[in-house]
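Below: one structure, written as structure tokens.
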Amino acid sequence: MTASQAGLGPKFESFWLEDARSEDDDVSPTLDGDRRCDVCIVGGGYTGLWTAIHLKQAAPATHVVLIEAQRCGSGGSGANAGFAAPLWAHFPLLRQMCGTEEALRLGRASHAAIDDIESLCRRHGVDAGLERNGTIWGATCPAHVGVWNDVVDALQPYQVHPYRRLSGEEIAERTGARTFLAGVLEPANATVHPGRLVRALRRIALDLGVEMYEGTPMRRLHRERPPQVETPSGTITAERVVLALYAWSAALPELRPSVAVICTDIIVSEAQPERIDAAGWTDGPALMSAHTMTEALRTTADGRVLYNKSGGALAFGARVDAALERPGHSRSRMRALFARRHPRLAEAPTARQWNGPIDRSRLGLPLFGPLPTCPDVFYGFGYSGRGVLTTVLGGRILASLVRDADDEWANTGLVRPPGRDFPPEPFRYFGALMVRGAIRRKDRRDDERRDIDPLTRAVYHLKPGGWTGTDPNR
Ligand SMILES: Cc1cc2nc3c(=O)[nH]c(=O)nc-3n(C[C@H](O)[C@H](O)[C@H](O)COP(=O)(O)OP(=O)(O)OC[C@H]3O[C@@H](n4cnc5c(N)ncnc54)[C@H](O)[C@@H]3O)c2cc1C
């Protein structure tokens with residue numbers, strides 16, 4: 001049985017994956033039979049692949065088997081917008097959760113993850129399409145001007161200055177977008193080609209000796225000692241199991257209450273390098289709006305423009321794949337939204353549209369740790385829309401946990417038990433619909449320069465953390 005027959009894995013193919021596979025279309029075999037190993041990793045996205053790479057680098061003799069329901073990159077890792085943004089925007093939250101020292105360490109490590117990607121790819125002769133052009137976090141309406149102040153001010157006492165303030169004119173000069181009033185530039189940020197990055201990590205993991213099976217979904221997890229992963233035509237018995245399942249973590253009853261799945265929609269234009277050049281955006285920074293449900297725009301190396309809108313379809317229960325079948329916004333709506341932010345570049349035809357799931361945790365930060373029902377099984381999920389760099393750290397955390405290492409990664413504050421953060425269905429789904437409605441209304445009203453009603457304000461406050469939207473009381 002194939003992964004799609006089994007109902008596992010996404011139903012979309014992003015522009016990135018198709019593009020990357022035109023250069024490297026290697027597929028690993030499906031598992032047929034029974035295997036034993038030291039570590040079995042379930043999920044072939046950035047988290048699973050980084051964990052495998054860190055494990056093999058730390059202890060090359062470790063026998064690592066990785067299984068992926070579809071093909072590596074079929075989940076969020078092949079679908080994302082490719083913003084490689086460090087954790088600084090989450091510094092106040094991180095400090096609350098882990099203390100100042102650890103928050104600073106995690107911020108610095110997430111920043112250094114850009115170098116980690118670059119140097120690893122260079123060593124292995126692969127290309128992740130990394131471009132260090134910076135990112136602008138900008139306001140499109142007066143209510144959003146200064147949402148970054150809390151973060152900038154919180155970092156100030158520690159001599160951490162990742163942000164540079166920009167006026168609307170300066171944003172227009174760097175990107176051609178005249179619809180932003182002000183913002184901050186993070187010059188050290190990068191973008192990646194998500195499809196190339198995931199293919200590169202897959203190639204490196206294979207080079208390091210990871211045994212890989214694609215088209216091989218986990219059907220059941222036997223929570224025993226040692227744990228066993230059951231697939232349609234085989235089993236893997238491992239000393240340790242890592243669940244690198246992202247939004248699909250919701251399929252596990254132990255993890256489901258800690259994650260709500262809401263999709264993000266993306267369109268990418270046909271190549272238009274001359275228009276991008278004329279707008280003055282060639283090699284310019286990527287753009288991220290300060291809406292609670294962020295809008296993001298970036299260029300690609302082959303002269304396209306990508307527009308990303310969060311806050312799309314919601315998954316009922318663990319049914320991530322069903323949510324993916326319903327785009328949150330139609331193509332014409334996405335084009336209209338894009339045109340509001342960068343009218344000149346939105347004129348080019350749309351080449352591709354897709355959506356992908358976001359694994360929202362209550363605090364907007366990922367969770368790692370042993371499964372409460374089996375201490376030899378570890379989870380890592382809840383990136384809440386910031387996974388390109390955070391998964392580099394996630395891989396280190398999981399590799400340390402699996403090896404029983406007593407280091408800064410195994411002891412980080414991001415290692416925490418899953419909580420009962422979201423109510424059970426159907427309350428979770430209908431509650432999420434209400435909160436999404438309130439956020440959409442607030443974002444729209446902010447753009448229209450109008451206030452929100454008290455009910456919207458009250459429901460808006462129920463949103464999970466990590467959405468860096470404006471405080472409606474301000
Ligand atoms: C549209 C979109 C835009 C985004 N934009 C950004 C961005 O610009 N910047 C940023 O930092 N982050 C972004 N993200 C988030 C980022 O993509 C993720 O945080 C990151 O890819 C998570 O990696 P992962 O390996 O944990 O998950 P995934 O890449 O989803 O890997 C999980 C894998 O598990 C597999 N799987 C599922 N069930 C099973 C099973 N039963 N057995 C075996 N395998 C299974 C899936 O097929 C999948 O390949 C975005 C996400 C989306 C969807």
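Quick look at the values:
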read-out: Relative contact order (%) - the chain, alpha-carbon pairs under 8 angstrom, separation at least six; value: 22 percent
read-out: Centre separation in Å (Cα based) which lies between the stretch 403-458 and the stretch 22-92; value: 26 Å
read-out: Cα-based radius of gyration of the chain once divided by 2.2 N^0.38 Å, which approximates compact folds; value: 0.93
read-out: Dipole magnitude (debye, nearest 20) for the stretch 228-366, charges at Cβ of Lys, Arg, Asp, Glu; value: 540 debye
read-out: Ranking of Phe338, Phe180 by count of other Cβ atoms within 10 Å, fewest first; value: Phe338, Phe180
read-out: Alpha carbon centroid spacing (whole Å) that separates the stretch 160-192 from the stretch 217-257; value: 43 Å
read-out: Farthest positive-ward along the stretch 284-393 dipole, Cα basis, beta-carbon charges - from Gly303, Ala318, Val392; value: Gly303
read-out: Ordering of 455-462, 424-431 by packing [mean C-beta count within 10 Å, highest first]; value: 455-462, 424-431
read-out: Test item: Cα-centred dipole of the stretch 122-169, Lys/Arg +1 and Asp/Glu -1 on Cβ, debye; value: 260 debye
read-out: Listed peptides 157-168, 248-259 by packing density, highest first (mean Cβ within 10 Å); value: 248-259, 157-168
read-out: Theoretical gain in end-to-end length, Asp283 to Ala58 [0.36 nm per residue, Cα-Cα removed]; value: 77.4 nm
read-out: Calculated FRET efficiency for the pair Ala336/Glu270, C-beta based, R₀ 22 Å, to 0.05; value: 0.80
read-out: For the stretch 268-401, average projected area of the Cα convex hull in nm²; value: 10.1 nm²
read-out: Relative contact order %, the stretch 373-474, counting alpha carbon pairs below 8 Å whose residues are six or more apart; value: 17 percent
read-out: For the stretch 41-148, Kirkwood radius (reciprocal of mean inverse C-alpha pair distance, Å); value: 16.7 Å
read-out: Debye intensity ratio I(q)/I(0), log10, the stretch 177-270, q values 0.19, 0.21, 0.24 Å⁻¹ (C-alpha model); value: -1.21, -1.29, -1.35
read-out: Positive-end residue, the chain charge dipole about Cα centroid, Cβ charges, pick of Gln353, Trp409, Ile276; value: Gln353
read-out: For Met293, Met212, order by how many other beta-carbon atoms lie within 10 Å, fewest first; value: Met293, Met212
read-out: Fewest-first sequence of Arg71, Arg132, Arg352 by Cβ atoms within 10 Å of each Cβ; value: Arg132, Arg352, Arg71
read-out: Expected 222 nm ellipticity per residue - DSSP helices of 4 or more, -39500 (n - 2.57), all of the chain, to 500; value: -9500 deg cm²/dmol
read-out: Net charge dipole size for the stretch 61-193 [Lys, Arg +1 and Asp, Glu -1 on Cβ; Debye, nearest 20]; value: 80 debye
read-out: Most to least packed among 369-375, 141-147 [average Cβ atoms within 10 Å]; value: 141-147, 369-375
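Bear in mind these aren't lab numbers, they're just calculated from the coordinates by the rules spelled out. These figures come from a predicted structure and were not determined experimentally. Glycine gets a Cβ as well: all are built from the backbone with ideal geometry, and neighbour counts include every protein chain shown.
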